[in-house]
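The values are calculated or read from the model by the stated rules, or taken from the named source; none is laboratory data. Predicted model only: the values in this text are computed from it and were never measured. Counting neighbours? That spans all protein chains shown, and the Cβs are built from the backbone with ideal geometry, glycine included.
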Amino acid sequence: MEIKPLGDRILVKQFEEEEVKKGGIIIPDTAKEKPQKGEIKAVGPGKRNDEGKLMPLELKVGDKVLFAKYGGTEVKIDGEEYLIMREDDIMAIIK
């Protein structure tokens, strides 16, 4: 399935959290914090300003980004989990 976000929204695939075991203690998935890093898989056309002019996004497909902890909406597409969020929820591009 192909997804095309609308407006200034983007589709992000979160990176998998590295599992670290200390002292033989295994933390269940439900207690782990979700990573705040991911890769952009799709972007919308941009946001319209007050004059109706389209302002393109600074982000592009393939960018690795750092985003707000509680930003975005979780969606499941073809069995994969993604986040759909606004460009404003992105804090930085990881180089």
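Checking each residue of segment 16-34 against the condition of being at pLDDT below 90, touching an Asp or Glu at 6+ places or on another chain (Cβ under 9 Å) and among the aliphatic types (A, V, I, L, M) gives at least one match. Considering only residues that are surrounded by 13 or more Cβ atoms within 10 Å (Cβ to Cβ) and over 10 Å from the mean Cα position of the chain (by Cα), which ones fall in segment 68-80? Across segment 68-80, the qualifying residue is only Ile77.
Checked against the criterion of being surrounded by 13 or more Cβ atoms within 10 Å (Cβ to Cβ), modelled with pLDDT of 90 or more, closer than 27 Å to Met1 by Cβ and of a type in the set (A, V, I, L, M), the candidates Val65, Val61 yield just one match: Val65.
Of all residues in segment 42-95, those that are among the β-branched types (Val, Ile, Thr) and assigned to a loop (DSSP other than H, G, I, E, B) total 1.
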